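Only the coordinates and a few stated rules stand behind these numbers; no lab work does. Predicted model only: the values in this text are computed from it and were never measured. Cβ placement follows ideal geometry from the backbone for every residue including glycine, while neighbour counts extend to all protein chains displayed.
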Amino acid sequence: MGADYKKRLAERLAPLKEHAARAPERPGCYLFRDAQGDVLYVGKAVNLRARLRSYFQPSAWKHAKVRRLMERAASLDWIVVASELEALILEMNLIKRYRPRYNIQFRDDKRYPYIKIHWQDPFPKVTVTRKVEKDGARYYGPYPNAWAVHETLDVLRRIFPYLTCNRTITGQDPRACLYYDIGLCAGPCIGAISQEAYRQLIEDLGKVLEGRIEPVVQRLEKEMKAAADRWEFERAARLRDQIRALKQLATRQRVVSEEYLDSDVLALARTNDEAVVQVFFIRGGKLLGRETFVLENTGDVPDAEVLAAFLKRFYQDHPTPPPQVLLPREIEEARIIEQWLRKSRNAVVRLEVPRDEKHRALLHLAAQNAAEALAVLVQERQRERHRHTEALAELQGLLGLKEPPVRIEGYDISTLYGTAMMGSMVVFEEGMPRKSLYRKFHIRTLDHTDDYAALEEVLTRRFRRWQAAQEAKDRPGRRFDRAFALLPDFILIDGGLGQRNRAVEVLRRFGLAERVPVVALAKEQEALFLPGRNEPLLLPRESPALQLLQRVRNEAHRFALAAHRRRRQKQSLSSFLEEIPGVGPKRRKALMDHFQTLDALLAATEEDLARVPGIPASLARRIYRFLHDEK
């Protein structure tokens, strides 16, 4: 990094540096944005002015990540808050909202499934959810996938036959559902179990999910003996079977500590451009599970900062942190993160580096697993890059391109009898999906099924946006959607010759027919319609190019279908709400924004309805009665 480079960068950043010097000497968050207004980085500071000044010192530019950030930074905003804790919470929310390019993120930023016990209800039911809320419920997890959740519940429901339905439990229903008949529900709806006994059953279920099986077994053994003493042999037999099943479940859990121990154990493994965090979930001294998280944008960031970023992101979505989190090294933000976790858990949470041999052994085990996971990840990345290179090289030859295609755009249309028609655009760069650049289109010009016309509308709107982006580039300060700013190396259409030709017509109107090739992939025989050819090409099933095109096509279909489903659900919810007396347009919109789907509305309690802004308790009661046909 020469003196000329530093001088040019300093000159470009002079207006931003002057702006930063006016920042207050108070806690807060700051956002660097690029020329299009997109957030590049979110940070927090105890003293905003001092922190921001540091970015404009040439000594800071020796770090590649800071240098790249400052090369792209065009504007700077800040938000002042009252305390360092508020700054931490705001920083996490802003990162989650904007997903800035230069902040550390989970590579696979999916929502993990949790088991949810609706403890706030008189008769708590048990469901699976990916959304954690502060609603009085208890959440257990996260689980690596939905299969792991349902496998767990399949075992536990036979031991603890819990509710899953949305009935209002009075204990006076004339008959129970099928689940009661087959032993998968305790039947509180018909009074087969009292409220007190049912809540004890659910309390035991929660303890088992926390790994505390022994206290439950001990209590059930006492009940079994008491039932046998009263000659209630049928009940004693049921309890015996429950105890046997719980003991079998306990043998599957590995004991990692003889003492009572509730901890999450974190270990970090890194290469030059990859970082993996392994988390062990230990409850009651038993290893309940483990999960591996891959982080991106770690670059030359120190280990302590990577761990701090992971802690904030992970426990933002993890509702019940344990009282102890074991770390492989000290982190600078430990005190403020502990304060935040204490507020979240309503109890003390300590971030600790192990001092005794027992805890260090746990950490060593987690570190070994993290290193193994990283080695597997690196091998997978290498194989994936090789497959992508082969696929892109094959596509280059098929399409007669000068270079391998970098950006591929896939399009699809989703409809059902002409209703709620949606179009999708997905973007793959260097063979990988770029979900931040996906876009959906509500079809505006049609009230009947016409895939050709719908495709024409989507492509017309997409390339109008490209034109607008080109114009905006020549006008400093004018913003545009970066998803539309670049042209693809080629377009993939889900369909056949007709769809391809209609797409070419649209491109011709924009003068792009020669610059952007169009390929169509028909599902029946996976026939490929290439530019300038009316005869389909059938590639071998093992062709890397065909497999990549199938991925793009399938992803466009999935994204269009998901958007279409959400739109139909909102339409059906809106239509249903129109029938409820006393619910006008404003309240209808509030209910739609809150519940999103008709199923969610039907599952709501009176209390849930009353929490919606603008819905008083009296109206919530009326809506609930209408939904459930109560007089």
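In percent, what relative contact order does segment 3-102 have, based on Cα pairs under 8 Å that are 6 or more apart in sequence?
Numbers: 154 pairs, mean separation 36.1, N = 100.
Taking the mean separation of contacting Cα pairs over the length of segment 3-102, I get 36 percent.
Could you tell me the number of lysine pairs in segment 3-102 with C-alpha atoms less than 22 Å from each other, where the two lysines are 8 or more residues apart or belong to different chains?
Qualifying lysine pairs in segment 3-102: 13.
Along the three principal axes, how long is segment 262-342 when you take its alpha carbons, biggest first, rounded to the nearest angstrom?
Projected onto its principal axes, the Cα set of segment 262-342 covers 37, 26, 22 Å.
Report ³J(HN,Hα) in whole Hz for each residue of segment 20-34, in order, from the Karplus equation J = 6.51 cos²θ - 1.76 cosθ + 1.60 where θ = phi - 60°; Gly and Pro get x.
Going residue by residue, I get 5, 5, 8, 5, x, 8, 9, x, x, 10, 10, 10, 8, 10, 8 Hz, with x marking Gly and Pro.
Tally Lys and Arg at +1 and Asp and Glu at -1 over the other residues with C-beta under 13 Å from the C-beta of residue 502: what net charge comes out? Don't skip to the answer; put the middle values down first.
Values: positive: 500, 508, 509; negative: 450, 451, 456, 457, 494, 505.
Spelling it out: positives minus negatives among the neighbours equals -3.
Calculate the dipole size of segment 262-351 relative to its Cα centre from +1 charges on Lys and Arg beta carbons and -1 charges on Asp and Glu beta carbons; express the result in debye to the nearest 20.
Numbers: 12 positive and 14 negative charges, 125 e Å.
It works out to roughly 600 debye.
Which is farthest toward the positive dipole end of the chain among 339, 269, 289, measuring Cα position about the Cα centre, with Cβ charges +1 (Lys, Arg) and -1 (Asp, Glu)?
339
Which whole-number percent of Cα pairs in the chain have a distance greater than 37 Å? Mind dumping the intermediate values first?
On the way: 104065 of 198765 pairs.
I get 52 percent for the Cα pairs in the chain exceeding 37 Å.
Across every pair of different alpha-carbon atoms, what Kirkwood hydrodynamic radius in Å does segment 407-566 reach?
Details: mean 1/r = 0.0624 Å⁻¹.
So the Kirkwood estimate lands at 16.0 Å.
So, by mean Cβ neighbours within 10 angstrom, what's the order for 423-436, 292-305 with the highest one leading? Intermediate results must be reported in sequence, preceding the final value.
On the way: 423-436: 19.0, 292-305: 16.9.
Taking the mean over residues of other Cβ atoms within 10 Å, the ranking is 423-436, 292-305.
Nearest 5 is fine: what % of DSSP beta bridges in segment 407-566 come out antiparallel, could you say? Provide the component values of the computation, followed by the final result.
Numbers: 19 of 27 bridges.
Of those bridges, close to 70 percent are antiparallel.
What per residue convex hull volume, in Å³, comes out for segment 114-255 when only alpha-carbon positions are used? Each step should come with its number before you reach the end.
Numbers: hull volume 17.3 nm³, N = 142.
Dividing the Cα hull volume of segment 114-255 by its residues yields 122 Å³.
Which whole-Hz couplings ³J(HN,Hα) result when phi for each residue of segment 233-241 is put into the Karplus expression 6.51 cos²θ - 1.76 cosθ + 1.60, θ = phi - 60°, listed in order with x for Gly and Pro?
These are the phi-based 3J(HN,Hα) values: 5, 5, 5, 4, 5, 5, 5, 4, 5 Hz.
Any idea what the relative contact order of the chain is, in percent, if you count C-alpha pairs under 8 Å spaced at least 6 apart? Present the calculation step by step, with values, prior to reporting the outcome.
Details: 982 pairs, mean separation 51.0, N = 631.
Over the chain, the number comes to 8 percent.
Where does the chain land at 222 nm, in deg cm²/dmol rounded to the nearest 500, when only DSSP H runs of n ≥ 4 count, each adding -39500 (n - 2.57), divided by all residues?
Calculated mean residue ellipticity at 222 nm is -15000 deg cm²/dmol.
Which of the listed residues, 469, 518, 563, is farthest toward the dipole's positive end in segment 407-566, when Lys, Arg count +1 and Asp, Glu count -1 at the beta-carbon?
469
Would you mind listing how long segment 34-110 runs along its three principal axes, going by Cα atoms, in whole Å with the largest first?
32, 31, 22
About the Cα centre, and with charges only on the beta carbon of Lys, Arg (+1) and Asp, Glu (-1), how big is the dipole of segment 407-566? Nearest 20 debye, please.
On the way: 28 positive and 21 negative charges, 157 e Å.
So the magnitude is around 760 debye.
Residue by residue through segment 606-614, what is 3J(HN,Hα) from phi via Karplus (6.51 cos²θ - 1.76 cosθ + 1.60, θ = phi - 60°)? Round to whole Hz and write x for glycine and proline.
So the Karplus estimates, Gly and Pro as x, are 4, 5, 4, 5, 5, 6, 6, x, x Hz.
Sort 213-221, 154-162, 169-177 for me by packing, meaning the mean count of neighbouring Cβ atoms within 10 Å per residue, highest on top. Please list the in-between numbers first.
Values: 213-221: 16.0, 154-162: 18.1, 169-177: 13.0.
Most protected by this proxy first, the peptides run 154-162, 213-221, 169-177.
Which of 367, 160, 328 sits farthest toward the positive end of the charge dipole of the chain, with +1 on the Cβ of Lys and Arg and -1 on the Cβ of Asp and Glu?
328
Using amide H atoms built 1.01 Å from N in the peptide plane, name the residues 5+ places from residue 349, or on other chains, whose amide H lies under 5 Å from its own.
So residue 349 has HN proximity to 342.
Quick one: putting +1 on the C-beta of Lys and Arg, -1 on the C-beta of Asp and Glu, what dipole do you get for the chain around its Cα centre, in Debye to the nearest 20? The partial results should precede the final answer.
Values: 108 positive and 86 negative charges, 300 e Å.
Roughly 1440 debye for the chain.
Going by alpha carbons, how many degrees (0 to 90, nearest 10) lie between the helix axis of 213-229 and the longest principal axis of the chain?
30
For segment 263-375, what is the relative contact order in percent, using Cα pairs closer than 8 Å and at least 6 residues apart in sequence? It would help to have the intermediate numbers written out before the result.
Values: 183 pairs, mean separation 37.6, N = 113.
Relative CO of segment 263-375 lands at 33 percent.
Could you list 608, 593, 135 in order of exposure, starting from the residue whose Cβ has the fewest other Cβ atoms within 10 Å? Numbers along the way, then the final one.
Values: 608 18, 593 11, 135 14.
Ranking 608, 593, 135 by Cβ neighbours within 10 Å, fewest first, gives 593, 135, 608.
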